[in-house]
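The values are calculated or read from the model by the stated rules, or taken from the named source; none is laboratory data. Please read all numbers here as calculations on a predicted model, not as lab measurements. Just so you know, the surface numbers come from the protein's heavy atoms only, side chains and all, with ligands and any DNA or RNA stripped out. Shrake-Rupley method; radii C 1.70, N 1.55, O 1.52, S 1.80 Å.
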Amino acid sequence: MSGTFPEIPGDLRSVLEIVYEGEAAHIRCKYRGKDGKECGALFFSLEDAIRHLATHDSRYKRYLSLIKSE
């Protein structure tokens, strides 16, 4: 299967997971909004996934600096 990602930080594993759609790996957003529905958006990069999380809750912005330093 293609697609490799840096490891998802432990604090984010409750809201991000690696899934396979066909033969491509994606990072899926598991964030649940106030309505209780899971987001489900798919991303090819951890940085994009974290940027997306920050649209749900700005506290996730701090994780962008971890990704950029790797």
### Query
Of all DSSP beta bridges in the chain, what percent run antiparallel (nearest 5)?
90
### the chain: projected area of the alpha-carbon convex hull, averaged over directions, in nm²
4.7
### Task
With a 1.4 Å probe and all protein chains in place, put ARG59, ARG13 in order of accessible area, largest first.
ARG59, ARG13
### Query
How much of ASP57 can a 1.4 Å solvent probe reach, expressed as accessible area in Å² and rounded to 10?
40
